[in-house]
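The values are calculated or read from the model by the stated rules, or taken from the named source; none is laboratory data. Predicted, not measured: the structure shown is a model, and the values here were computed from it. Reconstructed Cβ throughout: ideal geometry from the backbone, glycine too, with neighbour counts over all protein chains shown. Just the protein is used for accessible areas: all its heavy atoms, side chains included, with ligands, DNA and RNA removed. Shrake-Rupley method; radii C 1.70, N 1.55, O 1.52, S 1.80 Å.
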Amino acid sequence: MPFALLPAMTYTLRTPRPGLALLFLLVVACALPGRAEAQQENRLRRIAVRPHQEFTRINLYFQSPPDYTLRLSPGRVRLEVRGADAPSFRKLRGYADARLSGIFTELRAGVLSLSIPVRESEPGVQAVSYGNPSVLSLDIGPGVKRAGRVDIAPGREPILAGTEQFVRAFESDPGGVPFAPTDAKLLKELFAPEELALFQQGESLLYEEQAEAAAGVFTTFLGKPRGARALAFYRLGEAQLGLGRVKEALGAFKQGEAAWPQYLEQAADIQQSYADALARSGDFAAGRRKLLQLMDRYVGTPYQSELMSRLADLSQRQGRKLAAAALYRSVVVHAPGSAAAARARLKLADRELFTLSRDRYRELLAKYQGIYQAPGDFDTRDEALFKTALLLALYAPPREALEAAISYDRRYPRGIFSTIVKQMREELLLPSYRELAAAGKDEALVQLARENREHLARCFSDPAFPERLSQAFERTGKLTQEMELFGYLDEKNWAAAGAPFMLSRVVDDAATLGNQAQAEEVGRRFLQRFPADARAARVKEQLGRIAFEKGDLPAAGAELRFLAAKGREAQFPDSDYYLGKAQLAAGDHRGAVRSLARFTQNVREDSPLLPDGYFTLAGALAVCKDYDGALAACEVGGRVAAGEGAAQFKYKAGELYLQQGEVAKAQASWEKAAASGGTWGKLAGEALSDLKWRMKISKELP
């Protein structure tokens with residue numbers, strides 16, 4: 001059975017028409033003759049076989065990059081390398097493993113053939129090269145069979161959906177001969193001075209890729225005499241092609257050719273565009289002929305490889321993948337180090353981009369990294385770095401992939417792919433944040449959020465994100481940074497779902513840090529925007545505390561009055577204290593009793609407000625004639641107070657006893673208070689003196 005040609009593995013153009021094949025081979029043979037001659041001296045120096053679990057790798061070490069074709073037939077893999085020779089490698093003829101049954105070399109007419117019998121009738125086969133283009137690796141076995149779907153890392157589907165169609169449809173600059181303005185002497189012969197200036201302006205617009213404006217200029221010359229009209233049609237064709245109007249462009253080129261066909265021989269850039277228009281309009285054969293004619297004019301110059309690369313692009317666009325791969329490979333082999341070779345290597349690598357299995361992406365990654373690091377034009381290096389970032393975004397761990405996207409953004413902030421990389425970055429931040437949160441890496445999570453604050457939109461698809469981030473800020477003690485970040489995010493529409501929580505945290509942080517002005521301003525804004533939010537109560541409590549600390553008891557009472565409703569519980573126990581004091585000042589003694597009772601029951605025993613809470617509660621209970629409750633409050637308050645504070649409660653208890661007519665108990669309580677000294681001890685002593693005087697007077701009364 002004849003050998004079947006592997007489309008993805010060949011780098012030699014084969015056409016069914018002998019005339020065209022001969023013309024192309026003549027061009028290639030004449031291209032860069034010094035390098036072509038060196039290619040005839042290529043030699044296979046070493047073969048190393050490395051069996052793996054799912055495939056066997058055969059590393060072929062050549063003297064220089066090989067120009068090869070890979071063929072597959074049932075039970076056999078054959079590699080043909082043109083312009084190369086090799087030792088016999090007799091020992092490898094007897095090599096055998098689960099997939100191979102020997103390796104045989106043969107030299108015929110300057111073509112080195114490696115024949116490899118295989119145990120499977122249709123094994124997976126892949127040719128790969130890494131950093132050193134002189135080393136070719138053949139992977140043979142079921143492990144390299146391509147998956148029917150894109151085998152990306154779980155959760156990366158949004159990235160694939162947002163990039164695959166764009167990348168497949170993207171057409172980079174194919175290279176070729178550069179734009180050349182029309183010779184000024186020729187223009188002077190064809191145009192009046194004022195017309196000449198306008199025509200040159202049109203060419204400037206065309207060069208600056210302002211095709212619409214350029215087309216408008218050239219259209220004005222279509223009614224001129226033959227020579228001027230031909231030039232206008234040619235330039236109009238280029239402008240229309242730049243606008244994607246292929247049929248209109250082709251019509252303009254044909255009009256120009258009908259008027260002045262000889263001019264194409266001296267206008268390589270126009271002939272190049274004409275060839276593109278022919279191929280894109282469906283007449284690929286005619287477009288290829290024109291490009292081959294142009295290549296023949298530039299044999300031995302750097303432009304030949306540029307034009308060959310352009311022909312490869314046209315072939316690829318027409319679905320002629322075999323021919324395109326052959327042309328790209330020829331450019332790589334015969335023009336190493338050139339910008340055209342870099343573009344060709346990129347195109348060859350692209351053939352694997354959306355066909356990889358998840359465990360093999362590193363091999364393609366090495367190719368893109370090598371293209372980026374090698375000499376090349378700006379756009380090619382931009383595209384190579386983007387595809388490095390894209391590969392990692394689809395396959396790598398989240399943090400590694402994120403770093404690659406950030407690296408691209410730093411190096412090419414206005415690059416061709418900057419918008420799509422920013423979207424990739426947003427997607428990668430979501431799994432990166434979850435990974436850090438799950439690991440409890442608070443410092444890293446805070447740094448991640450602060451350094452990527454413009455790209456956190458996808459993170460807000462997780463409702464837990466703002467709270468987890470806030471916990472990380474709190475545990476690391478970075479409240480100032482939390483205020484700054486949450487204040488920034490509050491202005492973003494894509495963070496609207498987390499706005500109530502973030503604003504409430506800004507209020508809390510500002511209050512904790514003593515920035516009452518900011519806490520009050522943000523708190524008012526919160527209540528205006530989110531009056532029905534569950535966090536509104538917490539914000540009101542913060543505003544109530546601020547008003548109390550300012551000494552504005554009516555404002556404190558107004559903010560905190562909602563706590564007096566049945567079933568309401570304060571989130572800050574101190575809020576009941578502030579409300580009770582405000583109610584007492586307003587004359588609402590029963591309301592003050594309820595608030596202060598809640599406060600004393602819920603507050604921590606080490607609260608500095610607790611002693612005064614009990615003292616104020618005792619006073620409010622006394623006003624309500626609940627003397628037993630007031631005395632109980634004094635008893636408990638005396639136990640929680642320290643030093644002179646305890647004497648305060650003894651003094652108060654003495655007053656309460658006296659109000660009930662229990663003189664002896666009042667006297668005993670004041671005596672204990674007086675013994676403690678201090679201000680309250682002095683007051684208790686004075687109360688005792690007054691009591692004794694009154695008792696003495698009362699005994700002398702009839």
For the range 302-312, 3J(HN,Hα) per residue [Karplus equation, 6.51 cos²θ - 1.76 cosθ + 1.60, θ = phi - 60°, Hz, x = Gly/Pro] | x, 5, 5, 5, 5, 5, 5, 5, 5, 5, 4
Which distance in nm do the two modelled labels at residue 195 and residue 50 give, with both placed 7 Å along the Cα-to-Cβ direction?
-> 6.9
Work out from phi, with θ = phi - 60° and the Karplus expression 6.51 cos²θ - 1.76 cosθ + 1.60, the ³J(HN,Hα) of each residue of the range 521-529, listed in order in whole Hz, and give x for Gly and Pro.
-> 5, 5, x, 4, 5, 4, 5, 6, 8
Signed unit charges on C-beta, dipole axis of the range 281-366, positive-most listed residue 319, 335, 348 = 319
Looking at the chain, which longest stretch skips every one of the GluC sites (Glu not before Pro) that is in a DSSP loop with at most 13 other Cβ atoms within 10 Å, leaving the sites themselves out?
-> 210-490
Between the helical axis of 418-439 and the dominant principal axis of the chain, each derived from Cα atoms, what acute angle in degrees is found, rounded to the nearest 10?
-> 50
With θ set to phi - 60° and the Karplus curve 6.51 cos²θ - 1.76 cosθ + 1.60, what are the ³J(HN,Hα) couplings of the range 227-239 in order, to the nearest whole Hz, using x for Gly and Pro?
-> x, 5, 5, 4, 4, 5, 5, 4, 5, 5, x, 5, 5
Per residue, what accessible area does the chain have, given a 1.4 Å probe and all protein chains present, in Å²?
-> 47
Cα-based helix-to-principal-axis angle, 268-280 vs the chain, degrees rounded to 10 | 80
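What FRET efficiency, computed as 1/(1 + (r/R0)^6) with R0 = 51 Å and r the Cβ-Cβ distance, is obtained for residue 184 and residue 493, rounded to the nearest 0.05?
It comes to 0.40.
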antiparallel share of DSSP beta bridges within the chain, to nearest 5, in %, is 95
Please state the relative contact order of the chain as a whole percent: Cα pairs under 8 Å, 6+ residues apart?
-> 7
Size of electric dipole in the chain: Cβ of Lys, Arg +1 and of Asp, Glu -1, about Cα centre, debye, nearest 20 | 2420
Carbon + sulfur, % of accessible area of the chain - ligands and nucleic acids excluded, 1.4 Å = 51
How many times 2.2 N^0.38 Å is the alpha carbon radius of gyration of the range 232-293?
-> 0.96
Would you compute, from DSSP H runs of 4+ residues alone, the mean residue ellipticity of the chain at 222 nm, taking -39500 (n - 2.57) per run and dividing by the full residue count, rounded to the nearest 500?
-> -19000 deg cm²/dmol
What nm distance separates the two modelled labels at residue 168 and residue 63, each placed 7 Å from Cα along Cα→Cβ?
-> 4.4
Segment residue 627-residue 379, length gained on full extension (0.36 nm per residue, minus Cα span) = 80.4 nm
Quick one: putting +1 on the C-beta of Lys and Arg, -1 on the C-beta of Asp and Glu, what dipole do you get for the range 609-700 around its Cα centre, in Debye to the nearest 20?
-> 240
Taking the convex hull of the alpha-carbon atoms of the range 451-524 and averaging its shadow over every direction gives an area in square nanometres of 4.6
Förster radius 56 Å - calculated FRET efficiency between residue 299 and residue 88, Cβ distance, rounded to 0.05 | 0.90
Accessible surface of residue 166 in the full protein assembly, 1.4 angstrom probe, to the nearest 10 Å²?
-> 80
Volume per residue (Å³) of the convex hull spanned by the alpha carbons of the chain is 252
Using only Cα atoms, tell me the angle between helix 610-623 and the longest principal axis of the chain; keep it within 0 to 90° and round to the nearest 10.
-> 50
